[in-house]
Amino acid sequence: MQLDVFTLFPEWFDWLGRERHVANALAAGSRLNFVNYRDHTRLSGRQVDDTPFGGGAGMVLRVDVVEDALRAHYATDPVLLRERRRVIALSPSGRLLDDSLVDELAGEPALTLLCGRYEGFDERIVEHFCSDVLSIGRYVLSGGEPAAMVLCDAVLRKQPGVLGDERSALEESFSAALDGDPEYPHYTRPAEHRGWRVPDVLLSGHHAQIELWRRERSRERGAGAHAADDSAQ
Ligand code: ADE
């Protein structure tokens with residue numbers, strides 16, 4: 001898969017390429033490219049943003065600057081780009097990212113991620129260039145970069161051959177194998193620490209019982225999480 005990230009801070013992503021799963025994905029043929037909006041602005045002082053019409057605090061990423069960056073990178077009118085690949089604006093007001101959406105995006109051959117800064121994007125960027133607006137949670141970050149990193153990590157680790165043990169992706173939290181529930185608890189050695197014992201069933205060697213125990217714990221966690229979501233609404 002090819003991921004192109006448009007940002008004012010490409011250097012923030014340096015560590016991401018070194019993260020093991022991401023490095024595995026890159027070694028297996030995935031591509032991670034960065035484009036700095038500032039390299040494409042025609043405005044003086046490498047300006048990329050401006051004050052909002054109508055007044056208000058903060059600065060807004062300019063549509064002409066984003067258009068120039070997209071046009072330079074893809075050599076096409078950005079209005080046509082979203083017909084060829086998903087172009088995703090990262091914004092707190094977008095659709096919430098979850099495991100099924102990550103699965104869907106991980107199956108795409110290419111994604112373009114647009115990071116906003118300050119007050120975010122001129123709305124015409126979203127309206128005319130983007131296929132999706134995604135949020136990683138109902139809170140406001142100072143920019144889309146951490147959200148883009150989350151998305152890159154989540155989709156790259158789903159690429160075939162990236163995780164050392166393929167079962168860990170099949171049976172992880174929110175997967176179909178667990179009916180969308182969170183993953184069951186894990187334990188490792190020592191079997192006892194300060195009197196805190198690992199559940200006997202896990203030491204029993206009974207695979208069917210272990211499976212059942214894990215499924216039950218996973219369901220309990222799912223029910224707990226749903227109750228917390230409901231009371232938050
Ligand atoms: N940009 C700022 N906050 C964000 C969030 N919660 N998700 C995605 N992009 C963002």
Antiparallel bridge percentage (DSSP; both residues within the chain; nearest 5): 20
Sulfur and carbon atoms: percent of accessible area, the chain [1.4 Å]: 52
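Can you tell me what share of the DSSP beta bridges in the range 1-63 is antiparallel? A percent to the nearest 5 is fine. All intermediate terms of the calculation are to be shown ahead of the outcome.
Details: 2 of 8 bridges.
Once the DSSP bridges in the range 1-63 are tallied, antiparallel ones form about 25 percent.
Which net charge results for the neighbourhood of residue 222, defined as the other residues with beta-carbon distances under 12 angstrom from its beta-carbon, given Lys and Arg at +1 and Asp and Glu at -1? The partial results should precede the final answer.
Numbers: positive: 215, 217, 219, 221; negative: 179, 181, 183, 216, 220, 229.
Net local charge, residue 222 excluded: -2.
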Selected from 116, 55, 180 as most flexible by GNM, with the chain as the system and alpha-carbon contacts under 10 Å: 55
Expected 222 nm ellipticity per residue - DSSP helices of 4 or more, -39500 (n - 2.57), all of the chain, to 500: -11000 deg cm²/dmol
Label-to-label distance, nm, for residues given as residue 177 and residue 216 (7 Å Cα→Cβ offset): 2.1
Radius ratio Rg over Rh of the range 123-187, counting only Cα atoms, Kirkwood formula for Rh: 1.08
Percent RCO, i.e. relative contact order, over the range 155-224, from Cα pairs under 8 Å lying at least 6 residues apart: 27
Where the Cα pairs of the chain fall when distances are cut into 5 Å bins, in %: 1, 6, 11, 15, 15, 14, 11, 9, 6, 5, 3, 3, 1, 0
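Indicate the gyration tensor shape class of the range 71-140 (rounded, prolate or oblate), computed on the Cα atoms with a ≥ b ≥ c the square roots of the eigenvalues: a/c under 1.5 is rounded; otherwise a/b larger than b/c is prolate and the rest oblate. Mind showing how you got there, number by number?
On the way: a/c = 2.34, a/b = 1.17, b/c = 2.00.
Oblate, since a/c reaches 1.5 and b/c is not below a/b.
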Area accessible to solvent at residue 51, 1.4 Å probe radius, in Å²: 90
Per residue accessible area of the range 115-233, 1.4 Å probe, in Å²: 62
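Net charge near residue 92: determine it from the other residues with C-beta under 12 Å of the C-beta of residue 92, scoring Lys and Arg +1 and Asp and Glu -1.
Working: positive: 95, 138; negative: 119.
Taking every other residue near residue 92 into account, the sum is +1.
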202, 101, reordered so the largest accessible area comes first (probe 1.4 Å): 202, 101
Among 23, 208, 72: highest mean-square fluctuation, GNM of the chain, C-alpha pairs under 10 Å: 208
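Could you tell me which chymotrypsin sites (Phe, Trp or Tyr not before Pro) in the range 12-103 are loop residues by DSSP with no more than 16 other beta carbons within 10 angstrom of their beta carbon?
Details: sites: 12, 13, 15, 34, 37, 53, 74; in loops: 53.
Sites meeting the loop and neighbour criteria: 53.
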Amide H within-cut-off set for residue 8, under 5 Å, with H built and near neighbours excluded: 37
Length-normalised contact order for the chain - Cα pairs under 8 Å, 6+ apart - percent: 20
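Scaled to the compact-protein estimate 2.2 N^0.38 Å, what is the alpha-carbon radius of gyration of the range 158-217, rounded to two decimal places?
The value comes to 1.30.
The values are calculated or read from the model by the stated rules, or taken from the named source; none is laboratory data. Source: prediction; values computed, not measured. As a convention, Cβ positions derive from the backbone with ideal geometry for all residues, glycine included, and neighbour counts pool all protein chains shown. Side chains are part of the model used for accessible areas, which takes the heavy atoms of the whole protein and leaves out ligands, DNA and RNA. Shrake-Rupley method; radii C 1.70, N 1.55, O 1.52, S 1.80 Å.
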